[in-house]
Amino acid sequence: MKSEIIDRLHKENDLSDGELMALIENGEYDHELFQRADEVRREHYGTDVYLRGLIEFSNYCKNNCYYCGIRAENHRLERYRFGRDEILSCCRQGYELGFRTFVLQSGEDNYFSENVITEIVTAIKKEFTDCAVTLSIGEKSFDTYQTWFDAGADRYLLRHETANEDHYRKLHPENMSLENRKNCLWNLKKIGYQVGSGFLVGSPYQTTDNLIEDVRFLQELQPDMIGIGPFISHQNTPFKDFYNGDFSACLRLIAILRLMFPFALIPATTALGTINSEGRELGLQAGANIVMPNLSPVKYRKQYQLYDNKICTGEEAAECRMCLEKKVLSAGYAIVTTIGHVKR
Ligand code: SAH
């Protein structure tokens with residue numbers, strides 16, 4: 001069966017709000033939607049899956065996002081941060097395993113000032129001249145982003161989380177603002193970073209209209225990377241009693257995003273693998289083309305607990321890498337060890 005709606009999304013990279021709603025809310029088109037998304041990813045990226053080595057270097061955070069397990073007010077969490085040498089040693093291990101992108105992610109930890117991060121970025125870029133550095137450390141000023149870019153940072157990940165003002169207010173305390181988060185994204189683009197944004201699927205109080213707004217915001221922003229994943233509740237947060245996001249809805253959104261943004265780098269996220277044991281494989285088959293194994297030392301992994309039951313917290317980097325390699329192959333794709341820039 002050939003659906004006109006999928007054809008049009010494919011050809012025009014766009015649909016009306018009503019059509020998007022129909023695609024997101026009902027499973028009727030799934031088979032064709034995923035197949036078409038896969039066709040488009042193969043057209044641009046073949047069977048290549050890019051690797052990103054994730055280094056979760058601090059779980060200190062000054063913020064209090066209601067959904068997040070490492071929020072400041074979670075006093076039951078044992079906090080940790082790596083020093084510069086520990087971060088570099090993660091990179092060395094990753095480099096041996098074929099990683100050519102290092103993603104430095106943390107809570108908003110003021111210990112890692114502009115200078116400290118500048119030194120770390122400079123050291124990584126000096127030692128690994130053929131690698132990209134991605135930062136994912138939250139909302140900073142234009143000048144700070146500029147300084148890190150000048151030090152050699154290539155990419156920045158900052159999910160907008162939700163593009164709707166009212167919904168944003170239900171997920172974050174008063175002292176945070178959607179306006180600032182969006183501004184940060186525009187600043188990052190202006191400076192010249194390859195920018196990644198994205199949103200939570202199935203977060204508390206979310207409506208389909210909110211998801212459509214998320215997609216519309218991404219159309220405006222035109223990011224290079226788009227990371228989405230299901231909301232998963234965490235026992236020590238105000239959202240502990242909410243249901244997790246819907247797995248099928250996540251797959252549909254990955255496929256829709258692939259058709260809207262044919263060249264985007266879209267990860268099959270750890271959260272997707274957490275709510276479904278084949279989540280990452282199915283994510284790849286619905287249009288994703290990135291995997292992000294963890295390079296942090298095992299002893300810290302459980303403490304970077306954004307949500308309950310997070311997977312891959314017990315394996316060494318090499319094990320994680322090999323396990324994912326198998327999963328990717330079983331899904332019909334292959335990990336490549338190139339730097340993996342966006343193609344467009
Ligand atoms: N401090 C950085 C990194 C945040 S953690 C920043 O502000 O960008 C990375 C991502 O984890 C967040 O952007 C959020 O989308 C996701 N996340 C946080 N809590 C989550 C939860 N309970 N379920 C699923 N994803 C979550």
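Can you name the number of the only condition in (1) open to solvent by 30 Å² or more (accessible area, probe 1.4 Å); (2) within 16 Å of the ligand (Cβ to nearest atom); (3) aliphatic (A, V, I, L, M) that Leu97 fails?
Going through the list (1) open to solvent by 30 Å² or more (accessible area, probe 1.4 Å); (2) within 16 Å of the ligand (Cβ to nearest atom); (3) aliphatic (A, V, I, L, M), Leu97 breaks only (2).
One line per residue, one yes/no per condition, for (1) hydrophobic (A, V, I, L, M, F, W, C); (2) under 22 Å from Pro267 (Cβ atoms); (3) within 16 Å of the chain's Cα centre (by Cα):
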{"site": "Ser141", "(1), (2), (3)": "no, no, no"}
{"site": "Thr147", "(1), (2), (3)": "no, no, no"}
{"site": "Tyr168", "(1), (2), (3)": "no, no, no"}
{"site": "Pro173", "(1), (2), (3)": "no, no, no"}
{"site": "Asn183", "(1), (2), (3)": "no, no, no"}
{"site": "Lys189", "(1), (2), (3)": "no, yes, no"}
{"site": "Gly198", "(1), (2), (3)": "no, yes, yes"}
{"site": "Gln219", "(1), (2), (3)": "no, yes, no"}
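Is there any pair linking a residue in the range 96-107 that is over 16 Å from Gly340 (Cβ atoms) and among the aliphatic types (A, V, I, L, M) to one that is within 10 Å of the ligand (Cβ to nearest atom) and not in a strand (DSSP E or B), with Cβ under 7 Å and at least six apart or on different chains, and which?
Leu104/Ile137
Condition test on Asn64, is it touching a Pro at 6+ places or on another chain (Cβ under 6 Å), open to solvent by 10 Å² or more (accessible area, probe 1.4 Å) and in contact (Cβ under 8 Å) with a residue 40 or more places away in the chain?
The answer is yes for Asn64.
Residue under question is Leu88, and the condition is that it be within 16 Å of the ligand (Cβ to nearest atom), aliphatic (A, V, I, L, M) and at pLDDT 95 or above; does it hold?
no
Residues of the range 160-197 being crowded, with 19+ Cβ neighbours inside 10 Å and among the basic types (Lys, Arg), which ones?
Arg181
Determine, yes or no, whether Tyr205 is more than 13 Å from the ligand (Cβ to nearest atom) and more than 30 Å from Asp150 (Cβ to Cβ).
Answer is yes for this residue.
List the number of the failed condition for Leu200; all other conditions in (1) more than 20 Å from Met292 (Cβ to Cβ); (2) within 16 Å of the ligand (Cβ to nearest atom); (3) touching a Phe, Trp or Tyr at 6+ places or on another chain (Cβ under 6 Å) hold.
Failed condition: (1).
Which pairs turn up if I take residues in the range 140-166 that are closer than 19 Å to Ile339 by Cα and look for partners that are open to solvent by 20 Å² or more (accessible area, probe 1.4 Å) and within 16 Å of the ligand (Cβ to nearest atom) with beta carbon separation below 6 Å, at least 6 apart in sequence or on another chain?
Arg155/Gln194
When only residues in the range 1-15 that are in a loop (DSSP other than H, G, I, E, B) and under 26 Å from the mean Cα position of the chain (by Cα) count, which is farthest from Asp38 (Cα to Cα)?
Only one residue tops the list, namely Leu15.
If you go through the range 176-194, how many residues are hydrophobic (A, V, I, L, M, F, W, C) and within 12 Å of the ligand (Cβ to nearest atom)?
Of the residues in that region, 4 qualify.
Can you tell me which residue among Arg81, Arg41, Arg71, Arg36 is surrounded by fewer than 17 Cβ atoms within 10 Å (Cβ to Cβ) and either within 16 Å of the ligand (Cβ to nearest atom) or farther than 19 Å from Val133 by Cα (or both)?
Arg81
Considering only residues that are of a type in the set (Phe, Trp, Tyr) and either touching a helix residue (DSSP H, G or I) at 6+ places or on another chain (Cβ under 8 Å) or under 15 Å from Asp224 (Cα atoms) (or both), look in the range 235-288 and name the one that is surrounded by the fewest Cβ atoms within 10 Å (Cβ to Cβ).
Phe263
The values are calculated or read from the model by the stated rules, or taken from the named source; none is laboratory data. Keep in mind the model is a prediction, meaning the values are calculated, not measured. Positions of Cβ are generated from backbone atoms using ideal geometry, with glycine treated the same way; all protein chains shown enter the neighbour counts. What goes into the accessible areas is simple: the full protein's heavy atoms, side chains included, and nothing from ligands, DNA or RNA. Shrake-Rupley method; radii C 1.70, N 1.55, O 1.52, S 1.80 Å.
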